[in-house]
Amino acid sequence: MSINFLSVVRVFQQVDVEQKLKDAPNNGYAIGVFIGEMMPFVILIGLAYFFFYQAKKRRNKDL
């Protein structure tokens, strides 16, 4: 049985943000929720930049 990577990611990203903010102990919690939502995208951008930089460095080394 094969599990699609995107389906696994969707399961982890299905979070009801409105419910989290409603149950929050104070307003500072909203900042943490925002940072938590942006973190996967920041990590993906960082990985993409790392792979791009490594490929560029390897190509310049070959020339």
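Fewest first, what order do Leu21, Leu47 take by the number of other Cβ atoms within 10 Å? Write down the numbers at each step before the final one.
Working: Leu21 13, Leu47 10.
Starting with the residue having the fewest Cβ neighbours, the order is Leu47, Leu21.
I need the phi-derived Karplus couplings for segment 19-28: 6.51 cos²θ - 1.76 cosθ + 1.60, θ = phi - 60°, integer Hz, Gly and Pro marked x.
Along segment 19-28, the couplings run 5, 4, 5, 5, 8, 5, x, 8, 6, x Hz.
Taken together, the values in this text are just the output of simple stated rules run on the coordinates, not laboratory data. This is a predicted model, so every value here is computed, not measured. Glycine also receives a Cβ, built like all others from the backbone with ideal geometry; neighbour counts cover every protein chain displayed.
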